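Shown next, in structure tokens, is the structure this report addresses.
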Amino acid sequence: MPNVLFRAVASLLLGWLVLAETRESFAADKTDSSAKDDSDSVFGLTRVWKIHLHVTAENWKTMQPAAGGFPGFGPPPRGGGFPGGPPAAGGRPNPGTERKPNDSTPMPPTPPGPGGPGGAFRPGSFGFDFDYVKADVELDGEKLREVGLRFKGNGSYMLSAATRKRPFKIDFNRFVDGQKFHGMQQLNLHNNVMDPTRLRQALSYPVFQVAGVASPRTAFAEVSLTIDGECDHEPLGVYTLVEEIDKAFLRRHFQTDKGLLLKPEGTQGLEYKGEDWAAYSWFEPKSKPKKGEAQRLIDLTRLIHKADDEKFRREIGSLLDTNQFASFLAANTLLANMDSFLTQVHNYYVYLPPKTNKFVFLPWDMDLSMGAFFMAGSAEQLQDLSISHPHVGENKLIERLLAWDEFNKTYRDHLRHLTEDCFGENGQTTKDLPIAQAAVKELIAQETKRAAEAQKARGPGGFGPGFGPGPGMFGGQPSLETFLVKRRESITAQLAGKSTGKTPGMSFGPPGGGPRGGPGGGGFGPGNFHAPQILAAADADKDEKLSRKEFLDLSAKWLREWDKDKNGSLNEEELKNGLNDALGPPPNAAPGGFKPPAGFGPGLFLGPPLLKVADADKDQKVSKDEWAALFGRWFKDWDKGNDERLDNAELFAGLNAAFGPPAGFGPPRPPENKPTGSSN
């Protein structure tokens, strides 16, 4: 009995000490991060910069990625060889990648093209490869010449690539030694193409700061672009200006820029890849690690995946700052930030500061926070995200830590305080939301008006990725005010033991439909992109619905046009080419917009399954009768209103039900191949 009592008291004491140490470390972090420097004037919740980018036509052309999009399509990317992307022509390697004399510690091998050998899908990456070019930039009248400028991002680039409003990264001293902006070398311009509110990044990073987690500062920017001979001060719209996680950031928060900084991509739960450092290229070190630093990462991953519970709990605190990770996890959980370590196995940094020699986690890319990442569940489901299982699938680090009572208590304590401090009636986020809305309200209205005018002039058309920014499939979300209230209610109920919340799952929209993804629900898939196109192409009487005759007339027209050898049937190649012609990129996309490789388009995804479902006699071609039977069956199945009409919502849901998600998407899987360079 005394031993039992002793262990109980010791356990309680340990938990108290851990919590006390956590709060003390948070206070220290806040003090460190608030140290004044010249960069403070750049950021703020109501700070709106006027930024003008100026590039030559030749440099704009050079900026376009040589490859990208879905894995396995298009030529291999240009360059490669540097973990942060290739060096620009005439420029220097990315900061931190230069080798020092007599340094024998090997870097991971050069990553190959998109997705790795064989075109294997790399979760969280579309394989874009961006080059820096020389550009001039003006920020509130302050002009800097020959800065480095490149695109950035994955989904945010893919969905804006047919327009000029793309995400940018600025490197002030890439071509001019020592040139900085308010003491900073780099800044990021996020286009928020997937966030109609434009506010998620500006509101989410401060939640981590309240939690004591080092995180980037933000401001807003009204950005315009000049391309010599193509456009002059063209307004691009509202951006979020985001601080780079680089050496200056590390010095500000950790009083040193030494140590190992990594930005893992496509490795779920910090996978153990063996004892050879060369196998850890997907962890993407931003500087060449010392031998001991590399070994500590290997030791951490081995402990997570190979150790028994007793050893894991005994040793994890010597490798990982568990207090810091508890607050990092609590902030992500509060924000339902699923496009992150919780789901997409990317959008975070891992840093090993030399002072503590314990790894810490840092957040990145918050435009789909606050329940906006529909692939993990509907908005309503993510408002009720489970606090005991906030991640998708298997994540050994989170699972093993939450199964440990001492850590779980610390995590829940921080989640309780963070919920009230941020989402409470007088919480920081609750108070910041209307302030941020007011700061950009007029600019968003102007941008929305320009986008509507451009869309009207362009007309229907455009294959999914690259059709331009706007609410689109990311519209129809509940308000941020609703998210704050519902998320607080859910967490409060879960902490009180009155609810278990919803466990997320990787999918393409909410089960059973709902507001996420488009009209009438139906999830994410071809319907998001092609339902409006098909409606516009076939709606002869312009009543915004398709009669059976209109629907079948369109199918007959497609058969005639796609049947190039005029044999009365369609083979797979004709189906692919026909779908690309009918639903592919608009011919009037913005100058300099996304130009996919020849043959790239919806036919690559929809052609093979269309042949399979239509080819009743399995002769590898679709006859006229098979084609008519398929479209007749589709009309009957999709007409949920039984009114002999298909509206946009029914087309949307029908296409998604027929084809599902495009090839290459799905739950993240442990990668077997090496990555491409980082695009963020």
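The values are calculated or read from the model by the stated rules, or taken from the named source; none is laboratory data. A quick note: this is a predicted structure, and the numbers were derived from the prediction, not measured. Cβ placement follows ideal geometry from the backbone for every residue including glycine, while neighbour counts extend to all protein chains displayed.
Descriptive notes on the structure:
- Just so you know, in the range 189-202 the residues that are closer than 23 Å to D246 by Cα and part of a loop (DSSP other than H, G, I, E, B) include one that is farthest from the chain's Cα centre (by Cα), and it is N191.
- Among the residues here, F373 qualifies as under 30 Å from V238 (Cβ atoms) and out of contact with any His (no Cβ under 7 Å at 6 or more places or on another chain).
- Entry remark, the range 342-367: residues being in contact with a strand residue (DSSP E or B) (Cβ under 8 Å, 6 or more places away or on another chain) and either under 23 Å from D421 (Cα atoms) or of a type in the set (S, T, Y) (or both) number 10 in total.
- Within the range 310-339, considering residues that are surrounded by fewer than 24 Cβ atoms within 10 Å (Cβ to Cβ) and of a type in the set (G, A, S), the one nearest to L297 (Cα to Cα): S318
- Among the numbered conditions (1) at pLDDT 85 or above; (2) under 26 Å from the mean Cα position of the chain (by Cα); (3) among the basic types (K, R), the only one that K576 does not meet is (2).
One line per residue, one yes/no per condition, for (1) part of a strand (DSSP E or B); (2) among the charged types (D, E, K, R); (3) under 19 Å from the mean Cα position of the chain (by Cα); (4) within 30 Å of A454 (Cβ to Cβ):
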position: V223; (1), (2), (3), (4): yes, no, no, yes
position: F249; (1), (2), (3), (4): no, no, no, no
position: T256; (1), (2), (3), (4): no, no, no, no
position: P264; (1), (2), (3), (4): no, no, yes, no
position: E293; (1), (2), (3), (4): no, yes, no, no
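- Among the conditions (1) touching a strand residue (DSSP E or B) at 6+ places or on another chain (Cβ under 6 Å); (2) more than 27 Å from L329 (Cβ to Cβ), R217 misses just one, which is (2).
- In the range 243-254, the residues that are on the phi < 0 side of the Ramachandran plot form Cβ pairs under 9 Å with partners that are aromatic (F, W, Y) and assigned to a helix (DSSP H, G or I), at six or more places apart or across chains, as follows: E243/Y205; E243/F249.
- From the list A279, A326, the one residue that fits, being assigned to a helix (DSSP H, G or I), under 26 Å from the mean Cα position of the chain (by Cα) and either among the polar types (S, T, N, Q) or within 18 Å of A403 (Cβ to Cβ) (or both), is A326.
- F220 meets all of the listed conditions (1) out of contact with any helix residue (DSSP H, G or I) (no Cβ under 8 Å at 6 or more places or on another chain); (2) farther than 30 Å from K358 by Cα; (3) aromatic (F, W, Y) but one, namely (1).
- Of the candidates G113, G85, G155, G118, the single residue that is surrounded by 17 or more Cβ atoms within 10 Å (Cβ to Cβ), at positive phi and at pLDDT below 95 is G85.
- Residue in the range 518-528 that is at pLDDT 50 or above, in a loop (DSSP other than H, G, I, E, B) and in contact with a Phe, Trp or Tyr (Cβ under 8 Å, 6 or more places away or on another chain) present: yes
- Applying the criterion of being within 19 Å of V213 (Cα to Cα), within 25 Å of the chain's Cα centre (by Cα) and among the β-branched types (V, I, T) to the residues of the range 388-422, the residue that is surrounded by the most Cβ atoms within 10 Å (Cβ to Cβ) is T419.
- Among the residues making up the range 134-188, those that are among the β-branched types (V, I, T) and part of a loop (DSSP other than H, G, I, E, B) are T163, V176.
- The listed residues are N648, N642, and the only one of them that is modelled with pLDDT under 95 and under 30 Å from R164 (Cβ atoms) turns out to be N648.
- Residues that are in a loop (DSSP other than H, G, I, E, B), modelled with pLDDT of 55 or more and out of contact with any Asp or Glu (no Cβ under 9 Å at 6 or more places or on another chain) within the range 586-629 comprise G599, F600, K618, D619, listed in sequence order.
- When we screen V207, V193 for residues that are touching a residue at least 12 places away in the same chain (Cβ under 8 Å), within 28 Å of F423 (Cα to Cα) and in contact with a Cys (Cβ under 6 Å, 6 or more places away or on another chain), the only hit is V207.
- Residues of the range 329-353 satisfying the condition of being aliphatic (A, V, I, L, M), under 19 Å from L262 (Cα atoms) and part of a loop (DSSP other than H, G, I, E, B): L342, V345
- No other residue among D553, D541, D565, D581 is of a type outside the set (G, A, S), farther than 29 Å from A162 by Cα, in the same structural domain as W638 (by TED's automatic domain parsing) and part of a helix (DSSP H, G or I) apart from D553.
- Against the numbered list (1) of a type outside the set (S, T, Y); (2) surrounded by fewer than 16 Cβ atoms within 10 Å (Cβ to Cβ); (3) in contact with a helix residue (DSSP H, G or I) (Cβ under 6 Å, 6 or more places away or on another chain), D276 comes up short only at (3).
- Just one of the numbered conditions (1) at pLDDT below 95; (2) assigned to a helix (DSSP H, G or I) is not true of E442: (1).
- Selection from the range 445-486 of residues that are buried (at least 16 other Cβ atoms within 10 Å of the Cβ), over 30 Å from A331 (Cα atoms) and at pLDDT below 75: R458, G461, G462, F463, G464, P465, G466, F467, G468
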